[in-house]
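The values are calculated or read from the model by the stated rules, or taken from the named source; none is laboratory data. The structure displayed is predicted, hence computed values, not measured ones. Please note: Cβ atoms are built from the backbone with ideal geometry, for glycine as well, and neighbour counts cover all protein chains shown.
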Amino acid sequence: MKIIIIFWAICAQIVAQTLDINAMRIANPKFPLTDISQPIVNRESQAQIIHTMDQPIHKDKYLVGPGDQFQINILSSDDVFTYKLVVTPTGEILIPSVGVIQVYGLTLTETIKSLESMIQSWNQNARIHITLSQIREFKIKVIGHLQNPGLYNATPVSRVSDIFNKIQDENDVVDDDSDLAYPELSRRNIHILRDGDSLHVDLVKFGATGNDQFNPFVQQGDIIVIPLKQHVTSIFGGIKIPGEYEFVPNETLIELIQLAGDLRPDADPKKIEITRFTNFTDKFSFIVNYINSDTIIVEPEDHIMVRYEQDYKKQDIVFITGEVHYPGVYAIELGSTLGDIITKAGGYTKRANPSNIMVNNSSIRKIPDRELERILLIPEENRGQSERAYIKARALTIKGSIESNSMNQSKELMNFTLVNNDEIYVPENFNYIEILGGILKPGRYPFSNNRTFDEYIKLAGGKSRTATRDIFIIKSGTGQRLPANRDIIIENGDTIFIADKMEYNKWIILKDILTTLGSVATLIVVIQSVIGT
């Protein structure tokens, strides 16, 4: 008998739940319920609006408001149904056949617990799953000396920087019909007015540190105040990011130094000089130690100079290229010579031309040549002989360079003291000379130590019909033009130049003669007429 009573009690429980679900079906045909035995569960569908977020929503911090959408899934003994419910403009959620619940101002965690509790009071055996499926949009007030102050669209996952960037883009647009100029907006002195309190926002510090407290999420009802940028503080010297920074009240020196990337390794932390105004014109300077920088409050228009050691771990380097075994960049010490570096670079290769080593320095080349500048300001016809010679000499020599043109000079250059940024070049040996001018076969010819210039001329086919007796040897290293004689030594890379007779067109010569005779005749006639009068 007892077993029969228990059986009838279980049947009554099942019937009661079935009646509750059927009642919900009848009362809410808009939200269909689907039997769990069916393979496909029908659900209300709605277009999703995607909001870009920098991190998932924190359930204990997210405040629910009008427009938020929840997806509620209820599993009963024999049915499954899903609702998509939106918070009403009054901040409430209506659960069909269950009731209305006020959720405005609650956190997401509190809202989910309240919904679960209300549904369970209707059906204790139901399994409930609730999630926030869509976040809302709302208007937020932004004020200040802006081009377009007023209301801006925001969401609970919008940060102050999102609103600021919208306003900054609008301020950057120039209105041709307006005479108003919009100065730079503050990025470090923004405030949020919220529930009678004021929150400080510093977007520059947020960018440097990544700390969310300097760029918080906005909330419905916030008022963002964006002032104009007014005062700056300058910091230079042994700092990683020197420059001007917007002034923030009550900021300490250590906070500003950290904002500027912190001290450089070569900075002297004991010698930080601050120059500060006492009034509109007068100022004074004082030295502080980095150790005490957390007690120093920065003031508007402070100029901060962090001293640093100019030669801190400074490496002087030289560059060597060309025909050496190990070309590259080498560090030098005080007194390092050209020979030292060539030895470090593994010496010459078999293809090297050690008689023509070049050493340049681009840093020295940038130093102005004041004498050349002075001469170039003088009209050419007024320049003296020495001034013209200086221009010629400068044209033949690169400032800051030296070049050997013989093996003897190269040997002497091995003791040449190098300086920072010297560029050493060891050229390839091509073993050639050039013969130009009044020669039958001008061009390049193999160099030989035993040949004289006469033998080179014979090698090139001899002089041409228009050749003169003027023969010059142009030295490859210096560009000097030397008259050829039997005592001169021809070296690799030199040029033998034989001056050529100038050829003229006979008709042009006749034309020039007739023009000259005509001018003379005219002059004679003028003189005679003057004498006759």
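Pairs linking a residue in the stretch 41-63 that is in the same structural domain as Leu85 (by TED's automatic domain parsing) to a residue that is modelled with pLDDT under 80, with Cβ atoms under 8 Å and 6 or more positions apart or on different chains, are Val41/Thr34; Asn42/Pro32; Asn42/Thr34; Glu44/Phe31. Number of residues in the stretch 332-364 that are under 30 Å from Arg388 (Cα atoms), at pLDDT 90 or above and not in a loop (DSSP other than H, G, I, E, B): the value is 7. Of the strands (runs of 3 or more DSSP E) that lie entirely inside the stretch 172-242, those containing 3 or more residues that are at pLDDT 90 or above and within 25 Å of Met53 (Cα to Cα) span 190-194, 197-201, 223-225. Checked against the criterion of being without any contact (Cβ under 8 Å) to a residue 24 or more places away in the chain and surrounded by 14 or more Cβ atoms within 10 Å (Cβ to Cβ), the stretch 76-85 has at least one qualifying residue. Annotation note: Cβ proximity below 8 Å between a residue of the stretch 296-308 that is over 23 Å from Thr281 (Cβ atoms) and a residue that is of a type in the set (Phe, Trp, Tyr) (sequence gap 6+ or interchain) occurs for Val306/Phe236. Taking the listed residues Glu251, Glu246, Glu273, the one that is at pLDDT 95 or above and touching a helix residue (DSSP H, G or I) at 6+ places or on another chain (Cβ under 8 Å) is Glu246, with no other qualifying. Name the single residue, out of those in the stretch 389-415 being assigned to a loop (DSSP other than H, G, I, E, B) and of a type outside the set (A, V, I, L, M), that is farthest from Gly479 (Cα to Cα). Per the stated criteria, the residue is Asn415. Among the residues in the stretch 100-113, are any within 43 Å of the chain's Cα centre (by Cα), of a type in the set (Ser, Thr, Tyr) and buried (at least 18 other Cβ atoms within 10 Å of the Cβ)? The answer is no, given that none of the residues of the stretch 100-113 is within 43 Å of the chain's Cα centre (by Cα), of a type in the set (Ser, Thr, Tyr) and buried (at least 18 other Cβ atoms within 10 Å of the Cβ). Restricting attention to the stretch 301-316, which residues are assigned to a strand (DSSP E or B), among the charged types (D, E, K, R) and farther than 26 Å from Thr337 by Cβ? Passing the criteria: only Arg307. Exactly one residue out of Lys441, Lys458 is more than 26 Å from Ala352 (Cα to Cα), assigned to a loop (DSSP other than H, G, I, E, B) and not assigned by TED's automatic domain parsing to the domain that holds Asn360: that is Lys441.
The residues in the stretch 120-159 that are surrounded by 15 or more Cβ atoms within 10 Å (Cβ to Cβ), hydrophobic (A, V, I, L, M, F, W, C) and closer than 22 Å to Gln71 by Cα can be counted, and the count is 7. In summary, Asp454 fulfils each of the numbered conditions (1) modelled with pLDDT of 85 or more; (2) within 30 Å of Glu333 (Cα to Cα) with the single exception of condition (2). With respect to the conditions (1) in a loop (DSSP other than H, G, I, E, B); (2) at pLDDT 50 or above; (3) buried (at least 16 other Cβ atoms within 10 Å of the Cβ), His58 falls short on a single one, namely (3). Tallying residues that are surrounded by 14 or more Cβ atoms within 10 Å (Cβ to Cβ), more than 19 Å from Val232 (Cβ to Cβ) and within 26 Å of the chain's Cα centre (by Cα) within the stretch 263-306 yields 4.
For Gly400, the criteria (1) on the phi > 0 side of the Ramachandran plot; (2) without any contact (Cβ under 8 Å) to a residue 40 or more places away in the chain; (3) not basic (Lys, Arg) hold in every case but one, which is (2). Can you work out which of the residues in the stretch 496-533 that are modelled with pLDDT of 80 or more and under 30 Å from Ala460 (Cβ atoms) is surrounded by the fewest Cβ atoms within 10 Å (Cβ to Cβ)? Once the filter is applied, the top-ranked residue is Ala499.
Looking across Gly437, Gly443, one residue alone is touching a strand residue (DSSP E or B) at 6+ places or on another chain (Cβ under 9 Å) and buried (at least 16 other Cβ atoms within 10 Å of the Cβ). It is Gly437.
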